[in-house]
Amino acid sequence: MGNENVNSSAVFCSNCGGQLEIDSSKEYTECPYCGTKYSVSDLLGDTEAVRVEKIKSQAYKEVEKGKQQIESERLRQEALKNEEESVRKFKKGFLSKLLVVFIIIDSLFTVLAFANGSIASGLVGLLGIALYILSFLFGLRIIKTKAKNLHIITTIVALILAFPFLALMGNKSVSKDYKDFDWNDIELHEFLPEPKSHSGDISWNKDDSLNMDINSSESDF
């Protein structure tokens, strides 16, 4: 029986005379100098039985490698199928529709906040919109993550932000920039009853519309 434990031996190439490196675990080896190919079994002087065992061993390794590749592909296809099913359920589910509604409503209120000069409230609103959009992208698996139900968590965080959003917006509405005004300067003063208080915050003053807050507790205004 040949020496199967020999990993390298001082064997020389019959073509160029260069030293060959022999790995007994491989079936063939090549000369690193001229590329001549040799059978490792022939170089080691293996018997026919040893050669058969090596062929069987190599064939077994190839079969196992093929099985692993098949199993890996099966798992990949299964994961892809599960992901597609998850996206399909999300699209048809209630949460996806709710997120679209939240994005629209939050966008309208955020624009209103900036229009009223409530910058802090507007920034919170933008953050909420970003979280809703992020939740939507998580649900569609456009942004992939290993964490389960992350889109639900981000949606909850966005909903929580509604409280500071409304609080900041309310604080802005309370702190109006009240100034004294002359009622005769109001374009519609001839058509509207004159308030007792001439202190207020005027948003616009036109001949066909008026928007102002009166600094008074009068119920008529």
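Name the pairs whose Cβ atoms lie under 6 Å apart, with the first residue in region 184-207 and more than 21 Å from ASN116 (Cα to Cα), the second small (Gly, Ala, Ser), and 6 or more positions between them or separate chains?
SER197/SER216
Does any residue in region 132-146 that is part of a loop (DSSP other than H, G, I, E, B) come within less than 6 Å, Cβ to Cβ, of a residue that is not polar (S, T, N, Q) six or more places away or on a different chain, and which pairs are these?
Pairs that qualify, where the first residue is part of a loop (DSSP other than H, G, I, E, B) and the partner is not polar (S, T, N, Q), are LEU140/VAL87; ARG141/GLU83; ARG141/VAL87; ILE143/LEU137.
Quick one: in region 183-208, which of the residues that are among the charged types (D, E, K, R) and touching a strand residue (DSSP E or B) at 6+ places or on another chain (Cβ under 7 Å) is modelled with the highest pLDDT?
Checked region 183-208; the qualifying residue modelled with the highest pLDDT is GLU187.
Just checking, which of LYS172, LYS176 is closer than 21 Å to ILE202 by Cα, of a type in the set (D, E, K, R), touching a helix residue (DSSP H, G or I) at 6+ places or on another chain (Cβ under 9 Å) and at pLDDT below 90?
The match here is LYS172.
At least 1 residues that are out of contact with any strand residue (DSSP E or B) (no Cβ under 8 Å at 6 or more places or on another chain) and at pLDDT 85 or above in each: list the helices (runs of 4 or more DSSP H) lying fully within region 3-116 that qualify.
Because the criterion is at least 1 residues that are out of contact with any strand residue (DSSP E or B) (no Cβ under 8 Å at 6 or more places or on another chain) and at pLDDT 85 or above, the helices (runs of 4 or more DSSP H) in region 3-116 that meet it are 48-92, 94-115.
The values are calculated or read from the model by the stated rules, or taken from the named source; none is laboratory data. Everything numeric in this text was worked out from a predicted model, so none of it was measured. FYI the Cβ positions are ideal-geometry reconstructions off the backbone, even for glycines, and counts take in every protein chain you see.
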